[in-house]
1. Provide a single number: the residues in region 172-192 that are part of a helix (DSSP H, G or I) and either in contact with a Cys (Cβ under 8 Å, 6 or more places away or on another chain) or crowded, with 22+ Cβ neighbours inside 10 Å (or both).
2. Ala78 - would you say it is within 16 Å of the ligand (Cβ to nearest atom), small (Gly, Ala, Ser) and within 15 Å of His155 (Cβ to Cβ)?
3. Of everything in region 227-271, what is under 33 Å from the mean Cα position of the chain (by Cα), crowded, with 19+ Cβ neighbours inside 10 Å and β-branched (Val, Ile, Thr)? Give them in sequence order.
4. Does Leu10 satisfy being crowded, with 17+ Cβ neighbours inside 10 Å and within 16 Å of the ligand (Cβ to nearest atom)?
5. Of (1) outside any helix (DSSP H, G or I); (2) buried (at least 19 other Cβ atoms within 10 Å of the Cβ); (3) more than 10 Å from the ligand (Cβ to nearest atom), Glu166 satisfies all except one. Which?
6. Take Gly156 and decide whether it is closer than 17 Å to Ala31 by Cα, of a type in the set (Gly, Ala, Ser), assigned by TED's automatic domain parsing to the domain that holds His74 and more than 12 Å from the ligand (Cβ to nearest atom).
7. Taking interchain pairs and intrachain pairs at least six residues apart, which have beta carbon atoms under 7 angstrom, with the first residue in region 118-145 and closer than 22 Å to Ala164 by Cβ and in a strand (DSSP E or B) and the second more than 12 Å from the ligand (Cβ to nearest atom) and at pLDDT below 95?
8. Just to be sure, is His354 open to solvent by 90 Å² or more (accessible area, probe 1.4 Å) and either at pLDDT 95 or above or not charged (D, E, K, R) (or both)?
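The values are calculated or read from the model by the stated rules, or taken from the named source; none is laboratory data. Values in this document were obtained by computation on a predicted structure and should not be read as measured data. Neighbour counts are summed over all protein chains in view; Cβ atoms, including those assigned to glycine, are modelled from backbone coordinates with ideal geometry. Please note that ligands, DNA and RNA were not included when accessible areas were found on the heavy atoms of the full protein model with its side chains. Shrake-Rupley method; radii C 1.70, N 1.55, O 1.52, S 1.80 Å.
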Amino acid sequence: MPRVTASIDLAAIQHNLGVVRRLAPRSRVMAAVKANGYGHGAIPVARALEAAGVDALAVACLEEAVELRRAHIHCPIALLEGVISEEEAAQAVYERLQVVVHDHWQIDMLHRLGPEAQVGVWFKLDSGMHRLGFPLEDVPRLLEVLKAHPGWSFHGWITHLASADEPENSFTREQVTRFSHALQGVAGQRSIGNSAGIIGWPEARADWVRPGLIIYGASPMPGQTGADLGLRPVMRLESRLIAVRDFEAGETIGYAQSWTCPERTRIGVAAVGYADGIHRTFRSGTAARVGGRQVTYAGRVSMDMITLDLRGAPDARVGDPVLLWGDELPAEHVAAQAGTIPYELFCGLTQRVHFRYR
Ligand SMILES: Cc1ncc(COP(=O)(O)O)c(C=O)c1O
């Protein structure tokens, strides 16, 4: 039996795509499967999404797209960071990928393929996030570029939101307004909203939405879980107890003796550690579940093990499953306790974790 298992519910992926469609009924859906499908396995996730009729997939870079094409994923795939060399540009054309172009050096590179090259192009505009994208004033210049490249197939205009997960932050509305003004009267489809944009900002839904996290069943909004939105968590991460022992009050647990038994305490050791993706920021007090009962981390995470205060599950035994996150223990809650975000929990799993697909 594997030490650590991530069970992936592909039906939940399809259900969550349905929730996105209900939230944004007039938008087409480009689902983000970058970073190995947010750590869930890009190929099985992409297959499930394609079978459920997703309109397009988004990955970060060429390698991720090629992996999908090799697995016979035929639907449109966009490269969110575009291409970084002429070889990549040529391969993107060959693989029928859509290239998100965010800078003039990328235009020059695509130009070198020849004006008739059939490149699928989105232009990314910087409406305020100041990470990637052309300044909004560049729109007229970009329209000239399109005129000069009749072979390009132009998909539209993308922008990315900086603070959509903050419901009170009016900057999202400002970004949407700037983007819309810059494109007034300009042809081409618009794509704005990521998960938080889709959930919290109807004006950010536009022609295309680009959900990532909500496809995997988690919410990016603080204090909210995916279940609150009708989403189903896709990943269930479990390990097992490999030792259970009682220690007297005052005994200390693990490296740096960072946790002290407040009374006679049953301590469980689970076979999962930072080499599996349980970061050292999972401090004492972070929740886990053993035999359906809530327990807490006690002491530091080590490379291959964690130690748990089992006072909440006094009848726990060696061999019992330990739930790190999943249905009954939302990754959003665990991430908040560990000072991080569910994105990082999912993407942080290592090759030592065994993946099982349902
Ligand atoms: C450009 C772009 N669009 C969409 C997404 C999906 O974001 P989320 O997972 O928050 O929905 C990302 C993710 O980082 C992104 O970089």
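1. Total satisfying the criteria: 4.
2. For Ala78, the condition - within 16 Å of the ligand (Cβ to nearest atom), small (Gly, Ala, Ser) and within 15 Å of His155 (Cβ to Cβ) - is met.
3. Val234, Val269 - these are the residues of region 227-271 that are under 33 Å from the mean Cα position of the chain (by Cα), crowded, with 19+ Cβ neighbours inside 10 Å and β-branched (Val, Ile, Thr).
4. Spelling it out, it is not the case that Leu10 is crowded, with 17+ Cβ neighbours inside 10 Å and within 16 Å of the ligand (Cβ to nearest atom).
5. (2)
6. Judged against the criteria, Gly156 is a match.
7. none
8. The answer is no for His354.
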